[in-house]
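Report on the structure given below.
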Amino acid sequence: MSKVTLELVVAPSFLEKSGVKSGDPLQKRIAALKGATIGVAAIGGTQETAARWLAAKGGLDPKTDIKVAQVGSPPALQAALENKRIDAFVLSPPEGYLATKAGSGTILISLGDEFPLLANQPYLVLVAKKPIDDKASELIVKVLRAMQAASAALVKDPEPNAITIQKQFFAKADPDAIVAAIKSLNSGVASGGKLDVESFQNQLVFSKEVGTNFGKEFDAVASQNDLWTNSFVERAAKK
């Protein structure tokens, strides 16, 4: 997944109280978060990190201008939003779609679509432990080949393939929600899993901005074929 997929979803009561609309300029939408309570699955996790980063991008104090409440799983966050226990949550599709359909929320900001830094960086990746022997190498290529085929199919024909996914893996889920999620995520898998210097540098910049400490400095160019590589992706693409 080559983009950050998180969406900020807010309650109708928040829109009414703040006077902000989904079509307002980005800075106005972020500024409206001052004093908002944002629900997360876990304190200190990805959702809180993204919410505080977003607040800082809007000129707010990320530590004091928003409140973070640990709520739990996506269904629990949906319920908390509907019952006005929180003003917003930050989750990936289809949660924004589900909240919108239920009338309990509105997608106010799609982070990967509105911030260039987040639109092009490795967000979900496959990680392998080094050293990689021949047996592991062949297995990695087989896995990547299958994922590339699946990604290509979803990009080419999202609706029928989304329904297939829904029936096989998410039988109780709303089919329209799975279709909506696939369509919104397709751009993140269109490259077939390839990484590049620019996207990896974006990831390093974002990590530094949110305070991640790797214990050492990394350079996107120098770390190619060490920290990250396209060698397996390219082998898989050759069929």
At R0 = 30 Å, FRET efficiency that the Cβ-Cβ distance of K135 and S223 yields, to 0.05: 0.75
Label-to-label distance, nm, for residues given as E198 and A76 (7 Å Cα→Cβ offset): 4.1 nm
R235 - accessible surface, heavy atoms, 1.4 Å probe, Å² rounded to 10: 90 Å²
Choice from I132, I66, I140 with maximal GNM fluctuation in the chain (Cα, 10 Å cutoff): I132
Inter-site label distance for T164 and K239 at 7 Å from Cα along Cβ, in nm: 1.6 nm
Gyration tensor verdict on segment 99-210 (Cα atoms; rounded if a/c is under 1.5, prolate if a/b is larger than b/c, oblate otherwise): oblate
Per residue accessible area in Å² of the chain, where ligands, DNA and RNA are left out and the probe is 1.4 Å: 55 Å²
Cα gyration tensor of the chain - equivalent ellipsoid semi-axes, whole Å, descending: 33, 23, 15
FRET efficiency for A146 and K216, using Cβ-Cβ distance with R0 set to 25 Å, rounded to 0.05: 0.15
Acute angle (nearest 10 degrees) that the helix 46-57 long axis makes with the longest principal axis of the chain, alpha-carbon atoms: 70 degrees
Per-residue HN-Hα couplings for segment 192-201 [Karplus 6.51, -1.76, 1.60; θ = phi - 60°; Hz; x = Gly/Pro]: x, x, 6, 9, 8, 4, 4, 5, 5, 5
GNM result for the chain, Cα springs below 10 Å: residue of K130, K63, K156 fluctuating most strongly: K130
Whole-percent carbon and sulfur share, accessible surface of the chain, 1.4 Å: 56 percent
Length added when fully stretched, A42-K101, from 0.36 nm per residue minus Cα-Cα: 18.7 nm
Cα centroid separation - segment 129-159 against segment 1-51, whole Å: 34 Å
Sequence-distant residues sharing a close amide H with I109 (under 5 Å, placed H): L8
Efficiency of FRET from Cβ geometry, T64 and V155, R₀ 45 Å, rounded to 0.05: 0.60
Max mean-square fluctuation residue, GNM over the chain, Cα-Cα springs under 10 Å, options P25, P122, P12: P25
Tilt relative to the chain, helix 158-169 - C-alpha long axis, 0 to 90 degrees, to 10: 90 degrees
Cβ-placed point charges (K, R +1; D, E -1), dipole of the chain about Cα centre in debye, nearest 20: 280 debye
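The values are calculated or read from the model by the stated rules, or taken from the named source; none is laboratory data. The structure displayed is predicted, hence computed values, not measured ones. Counting neighbours? That spans all protein chains shown, and the Cβs are built from the backbone with ideal geometry, glycine included. The area values use the complete protein model at the heavy-atom level, side chains included, leaving out ligands, DNA and RNA. Shrake-Rupley method; radii C 1.70, N 1.55, O 1.52, S 1.80 Å.
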